[in-house]
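Undergrad: Sharing a structure here in C-alpha cells format.
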Amino acid sequence: MGEKNEAILSYLEDNARFADLMNGAVFGGIQAVDPGQLEDASEHYTEKEGKGRGGN
C-alpha cells in the first residue's frame, strides 16, 4: 500500500488538483476551495503499527 499512498500524496501536492478534488467531492462542484489560498501542512496521516481496519 505504501507505493499507492505515495503516488496519491504526490499527485495531490499540486494545489489545483487538491482544490478540484475537494470542490467536486466535498462541496458538490461549488468553488469553495481556492488553490491560491492553500498552504502546505507539516504533517501527513499515517496509520500506526497494530492499528488498522477493524482493529482495536
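Undergrad: Grab the other residues whose beta carbon is less than 13 angstrom from that of TYR11, score K and R as +1, D and E as -1, and report the net.
TA: Charge balance in the 13 Å sphere: -3.
Undergrad: Ordered by residue, what ³J(HN,Hα) values in Hz, to whole numbers, does segment 24-37 give under the Karplus form 6.51 cos²θ - 1.76 cosθ + 1.60, where θ = phi - 60° and Gly and Pro are x?
TA: My calculation for segment 24-37 gives x, 7, 9, 9, x, x, 6, 7, 8, 9, 9, x, x, 9 Hz in order.
Values quoted throughout were computed directly from the atomic coordinates according to the rules given, and no laboratory measurement underlies them. This is a predicted model, so every value here is computed, not measured. Note that we place each Cβ from the backbone using ideal geometry, even for glycine, and neighbour counts take in every protein chain shown.
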